[in-house]
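The values are calculated or read from the model by the stated rules, or taken from the named source; none is laboratory data. All values derive from a computational prediction rather than experimental measurement. Cβ placement follows ideal geometry from the backbone for every residue including glycine, while neighbour counts extend to all protein chains displayed.
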Amino acid sequence: MSAGYDSTSPRFFRPADVARIRRNQRRIQFQRMASISGKAAVVIGIVAASFLVYRQTQGDARFAVKTIEIDGSTHTSRAAIDAITRQYIGANLFRIDIARLQADLRRLGWVKRIEAEKKLPDTLRIRIVERTPVALAAVDGRISYVDESGVPFAELSPAVGDVDLPLITNAAGDELVRSVALLRDLRMRDPQIYSRISEVKPVAPNGFALFDRELGAFVYTEEGDLSAKWRDLYAVARAEHLGIHDIEYVDLRFAGRIVVKPVHPAVLPPLTHPQVIPTQITN
């Protein structure tokens, strides 16, 4: 029979060393407190050091702006930029409000947005992103450049921008935006036809009068597949030998039909209606 032991023996019920247990608990608590205190001291040290660095950078004359570098200003004059940015010379580099700087420079018509970089110890770099004009618009008695959103932003000047852009007339607000959208779409889809348009007039509710510089006449049309109708018009002009001085206006707003009003009807072949050339287009 294997040897065994009696678990009920009194030696298994000897009282624990209470004093030693308490000493262990106090030691563990002390170690925890020491660890927490050490971490707190590190955090406090970091905060204090950061505060000192912050105070130093905010007040140290070494970080006063001495140089402002400008890049990207093609049409915006440096004199106009300097007139705005000179107020930041001498300002603490770390205290410059970039949002305010952006708002200040956006007052210049050509400026769309800016990107600013602070270069230690005393240089502010500014990169200007300018607007791209897509048309000209007659607004309030002035000819202004218009961006792709339909916003007039700077008055026409022979020194800057593209003076050959299409001119939008009799348009403001939503009509101006609609006219710009037409030109933008046509420029992307059919640059050849876009290059022939010199003036745009919106016609309610969804039409346009577009001046074709090669035909020398206004072409009335609606939003839609302008390219196909315009090429049909060119085919008719070639077939009827109509040049730049022969057409008073053209109307493409009829389904499957091109209406041409000649300047001198007598020079054209005999037609059913001598004043209007109805041409049936087979699609």
Task: Residue count, region 217-242 (criterion: surrounded by fewer than 19 Cβ atoms within 10 Å (Cβ to Cβ) and either touching a Gly at 6+ places or on another chain (Cβ under 8 Å) or farther than 16 Å from residue 196 by Cβ (or both)) - done: 8
TODO: Working only within region 196-213, note down all residues that are modelled with pLDDT of 90 or more and either among the aromatic types (Phe, Trp, Tyr) or out of contact with any strand residue (DSSP E or B) (no Cβ under 7 Å at 6 or more places or on another chain) (or both).
DONE: 208, 211
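Among the residues that make up region 183-205, is at least one of them within 32 Å of the chain's Cα centre (by Cα), in a loop (DSSP other than H, G, I, E, B) and over 23 Å from residue 139 (Cα atoms)? Can you show your working first?
Within region 183-205, the first condition is being within 32 Å of the chain's Cα centre (by Cα), and the residues that meet it are 183-205.
Going one step further and asking which of them are in a loop (DSSP other than H, G, I, E, B), we end up with 190, 195-196, 204-205.
From what's left, over 23 Å from residue 139 (Cα atoms): 190.
Yes, the conditions are met somewhere in region 183-205.
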Open item on the list: Checking the structure you have, find out if any residue of region 258-267 is surrounded by fewer than 16 Cβ atoms within 10 Å (Cβ to Cβ), outside any loop (DSSP other than H, G, I, E, B) and among the β-branched types (Val, Ile, Thr).
Closed with: yes
TODO: Within region 183-208, track down each residue that is surrounded by 15 or more Cβ atoms within 10 Å (Cβ to Cβ) and under 17 Å from residue 232 (Cα atoms).
DONE: 186, 190, 193, 194, 196, 197
- [ ] Quick one: in region 152-182, of everything that is over 21 Å from the mean Cα position of the chain (by Cα) and of a type in the set (S, T, N, Q), which residue is surrounded by the fewest Cβ atoms within 10 Å (Cβ to Cβ)?
- [x] 157
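Within region 62-80, count every residue that is out of contact with any helix residue (DSSP H, G or I) (no Cβ under 7 Å at 6 or more places or on another chain) and touching a residue at least 24 places away in the same chain (Cβ under 8 Å).
First, the residues of region 62-80 that are out of contact with any helix residue (DSSP H, G or I) (no Cβ under 7 Å at 6 or more places or on another chain): 62, 64, 66-67, 69, 71-72, 74-80.
Next, from what is left, pick out any that are touching a residue at least 24 places away in the same chain (Cβ under 8 Å): 62, 64, 66-67, 69, 71-72, 74-76, 80.
Qualifying residue count, region 62-80: 11.
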Open item on the list: Condition (residue is of a type in the set (Gly, Ala, Ser) and over 34 Å from the mean Cα position of the chain (by Cα)) applied to region 219-234: is it met by at least one residue?
Closed with: no
- [ ] For region 95-104, state whether one or more residues are at pLDDT 90 or above, under 30 Å from residue 198 (Cα atoms) and not assigned by TED's automatic domain parsing to the domain that holds residue 165.
- [x] no
TODO: Select from region 177-201 the residues that are small (Gly, Ala, Ser) and touching a residue at least 24 places away in the same chain (Cβ under 8 Å) and list them in ascending order.
DONE: 179, 181, 198
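Just to check your reading of the model, which residue among 70, 128 is surrounded by 14 or more Cβ atoms within 10 Å (Cβ to Cβ), touching a Ser or Thr at 6+ places or on another chain (Cβ under 6 Å) and over 24 Å from residue 188 (Cβ atoms)? Steps first, please.
Details: 70 fails: touching a Ser or Thr at 6+ places or on another chain (Cβ under 6 Å).
Only one candidate qualifies: 128.
Got a sec? Which of 236, 219, 177, 250 is assigned by TED's automatic domain parsing to the domain that holds residue 141, of a type in the set (A, V, I, L, M), at pLDDT 90 or above and not in a strand (DSSP E or B)?
177
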TODO: Hey, can you tell me all the residues within region 73-86 that are of a type outside the set (Ser, Thr, Tyr) and surrounded by 11 or more Cβ atoms within 10 Å (Cβ to Cβ)?
DONE: 75, 80, 81, 82, 83, 84
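Okay, residues lined up against (1) farther than 24 Å from residue 75 by Cα; (2) of a type outside the set (Asp, Glu):
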site: 155; (1), (2): no, no
site: 159; (1), (2): no, yes
site: 170; (1), (2): yes, yes
site: 185; (1), (2): yes, no
site: 193; (1), (2): yes, yes
site: 200; (1), (2): yes, yes
site: 206; (1), (2): yes, yes
site: 219; (1), (2): yes, yes
site: 234; (1), (2): yes, yes
